[in-house]
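Here is the structure we will look at.
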Ligand code: A3P
């Protein structure tokens, strides 16, 4: 994971090497570009996609900052868009990690090829991205395609991120000191961060254009999964006709079920070397209480209040 994050040739790196750089959590070199932090391969893929991606009106784009519960929505969107007559045995989640069902623009498509041919993809095309709103290709912003944004409380997002990165470190290297990780998160340094700027940009556009961006939160999803899944299905133009259809999709995409499937217990993402199981952990609201001191929690709460003040967003 660490090495594949860094593999790019020096000529491809040339336009970016002058950018401000930070070593993130002892492993990644992050480069600050137009206000946000990226690894080099992600930055190259982001600029390639800005130059070449042409959105279609029926595309669906799942956007999020990392570790906000995106995997849940990666499972839900294809399940909602799929034919409702599929039996449990035909459910694609049985044999595919959710990452496979909705391809990442910057981790897969524009990483493998800077000018991919997407004309063969079946409509409606489903994509996902972690890039901030400002860095999206203009054609995503200006077409009628829909964006689903997933957000989560900063404290649980940070703790989930810390666990995730620890699973990618060797036994000798882990855990990365949480105090150090916390400092850089508070300073806004994280992959695709600053976290607050990421969330706030999408939040503001979702208020201006509610038919363009659906803003979901992990906490609301946990509190009322059925209600939120119906909301998502309506936004995607695929409302449910029967309650049992909603129940089925909620169950198929539940953490308990996905975690128990062989396809998610074994194997790795071929494009970034992350073990499939690393995407499924506890999935609770308030897990931060086990890891953050009172002082850390109140510091992050204070930063949160300052950042979201006046925006109408609350965590
Ligand atoms: P925790 O680390 O708090 O357990 P992402 O999907 O954006 O990488 O975020 C990962 C977080 O989402 C992890 O949170 C993971 O357990 C949780 N998650 C993954 N799949 C889920 C699902 N189907 N339902 C609820 N939470 C899920």
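The values are calculated or read from the model by the stated rules, or taken from the named source; none is laboratory data. Values in this document were obtained by computation on a predicted structure and should not be read as measured data. Note: ideal-geometry Cβ built from the backbone for every residue, glycine included; neighbour counts use all protein chains shown.
The residue that is farthest from the ligand (Cβ to nearest atom), counting only those in region 92-115 that are without any contact (Cβ under 8 Å) to a residue 60 or more places away in the chain and part of a loop (DSSP other than H, G, I, E, B), is 113.
The single condition among (1) out of contact with any helix residue (DSSP H, G or I) (no Cβ under 9 Å at 6 or more places or on another chain); (2) farther than 22 Å from residue 27 by Cα; (3) assigned to a helix (DSSP H, G or I) that residue 180 does not meet is (2). Is one or more of the residues making up region 208-220 surrounded by fewer than 18 Cβ atoms within 10 Å (Cβ to Cβ) and under 22 Å from residue 155 (Cβ atoms)? Checked against the condition, which is being surrounded by fewer than 18 Cβ atoms within 10 Å (Cβ to Cβ) and under 22 Å from residue 155 (Cβ atoms), region 208-220 yields at least one hit. Look at (1) within 10 Å of the ligand (Cβ to nearest atom); (2) free of Cβ contacts under 8 Å to residues at least 12 places away in the same chain and you find that residue 89 fails only one, number (1).
Taking residue 246 as the residue in question, decide whether it is farther than 21 Å from residue 61 by Cα and either at pLDDT below 95 or part of a helix (DSSP H, G or I) (or both). Yes: the conditions hold for residue 246. Pairs please, first residue from region 139-166 and without any contact (Cβ under 8 Å) to a residue 40 or more places away in the chain, second anywhere and surrounded by fewer than 21 Cβ atoms within 10 Å (Cβ to Cβ), Cβ atoms under 6 Å, 6+ apart in sequence or on different chains. Partner pairs satisfying both residue conditions: 166/174; 166/175. Scanning region 274-300 for residues that are more than 15 Å from the ligand (Cβ to nearest atom) and in contact (Cβ under 8 Å) with a residue 12 or more places away in the chain yields 296, 297, 299, 300.
With respect to the stated conditions, residue 177 is more than 16 Å from the ligand (Cβ to nearest atom), farther than 30 Å from residue 81 by Cα and surrounded by fewer than 17 Cβ atoms within 10 Å (Cβ to Cβ). All of (1) buried (at least 18 other Cβ atoms within 10 Å of the Cβ); (2) farther than 15 Å from residue 130 by Cβ; (3) within 16 Å of the ligand (Cβ to nearest atom) hold for residue 166 with one exception: (1).
Exactly one residue out of 236, 207, 214, 261 is out of contact with any helix residue (DSSP H, G or I) (no Cβ under 8 Å at 6 or more places or on another chain) and either farther than 27 Å from residue 46 by Cβ or away from the ligand (no atom under 16 Å from the Cβ) (or both): that is 207. Taken together, the criteria place residue 135 among residues that are in contact (Cβ under 8 Å) with a residue 60 or more places away in the chain and either away from the ligand (no atom under 16 Å from the Cβ) or surrounded by fewer than 22 Cβ atoms within 10 Å (Cβ to Cβ) (or both). The residues on offer are 272, 294, 262, and the sole one that is at pLDDT 95 or above and closer than 15 Å to residue 100 by Cβ is 262. Among the residues of region 111-127, the one identified as buried (at least 20 other Cβ atoms within 10 Å of the Cβ) and modelled with pLDDT under 95 is 111. Only one of the numbered conditions (1) within 12 Å of the ligand (Cβ to nearest atom); (2) at negative phi; (3) surrounded by 14 or more Cβ atoms within 10 Å (Cβ to Cβ) is not met by residue 251, and that is (3). None of 241, 256 is surrounded by fewer than 19 Cβ atoms within 10 Å (Cβ to Cβ) and assigned to a helix (DSSP H, G or I) except 256.
When 281, 252, 257 are checked against the criterion of being within 19 Å of the chain's Cα centre (by Cα) and at pLDDT 95 or above, a single residue qualifies: 281.
Does residue 288 satisfy the condition of being surrounded by 14 or more Cβ atoms within 10 Å (Cβ to Cβ), within 22 Å of the chain's Cα centre (by Cα) and not in a helix (DSSP H, G or I)? No; evaluated as a whole, the condition is false for this residue. Take the conditions (1) in a loop (DSSP other than H, G, I, E, B); (2) crowded, with 18+ Cβ neighbours inside 10 Å; (3) within 12 Å of the ligand (Cβ to nearest atom); residue 313 misses just one of them, which is (3).
Filtered by the rule that a residue be within 17 Å of residue 116 (Cα to Cα) and part of a loop (DSSP other than H, G, I, E, B), region 50-80 gives 53, 54, 55, 56, 59.
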